[in-house]
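Worksheet: the structure to be examined is printed underneath.
No lab work stands behind these numbers, since they all come straight from the coordinates. Quick caveat: nothing in here was measured; it's all calculated off a predicted structure. Here Cβ is always computed from backbone atoms with ideal geometry, including for glycine, and neighbour counts include all displayed protein chains.
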Amino acid sequence: TAAIACIWLGIEGSVSPAINRNETNARGGGRWFLLSGAMIGFAIMAKGLPGVFPLFYLIATAAIRKDAKLLWRWVRSGAPLLVILIGVPWWAYMLTSIGLKTFKRELHDGIEGREHTGSFIQYFPDLLRAFLPWAIILVAAIALAARRWKQDGRLRELIIWFCAIFIPLLFNGQRQFHYLLPVLPPL
């Protein structure tokens with residue numbers, strides 16, 4: 001959630017009008033992008049592959065905006081370097097301490113969902129349950145947001161934020177109610 005919020009603020013900071021005409025806001029956006037790299041690194045260190053969900057948001061936002069330079073601004077900020085510096089050492093330590101065979105088995109079991117199995121369909125009623133007693137309002141809000149997709153850019157980015165997390169969860173083998181927590185802020 002923090003990584004996506006930082007990416008969003010970085011985008012807003014790099015495209016909003018500068019206070020001084022001779023000054024650009026790209027530097028301000030770059031700081032937010034850099035902080036997003038740290039947040040992604042921490043998420044990877046804590047949860048592994050779900051830590052890359054913010055990158056889905058970044059890529060989808062660049063695609064929807066038709067702004068490939070957005071990805072370059074994120075890279076140029078140094079964010080990928082922070083992702084690597086923060087996120088990789090713990091995984092490298094685990095790989096060397098438990099061995100490649102155990103590491104692969106644990107990764108495979110986690111992706112397949114051997115510990116917390118279930119159908120991806122369970123996430124739909126779980127979303128409603130997460131919003132009780134306002135579940136009906138949630139359904140109405142999603143319908144209205146979808147109708148305003150083209151008119152409201154900020155609303156569109158909230159939808160992208162939701163989808164960048166929710167869609168990968170549908171493909172992940174693990175199914176747990178608390179995995180939906182990161183989709184609640186954009187909803």
Looking at the stretch 65-77 only, could you name the residues that are in contact (Cβ under 8 Å) with a residue 40 or more places away in the chain and exposed (fewer than 15 other Cβ atoms within 10 Å of the Cβ)?
Arg76
At least 3 residues that are surrounded by 12 or more Cβ atoms within 10 Å (Cβ to Cβ) and among the β-branched types (Val, Ile, Thr) in each: list the helices (runs of 4 or more DSSP H) lying fully within the stretch 116-187 that qualify.
153-171
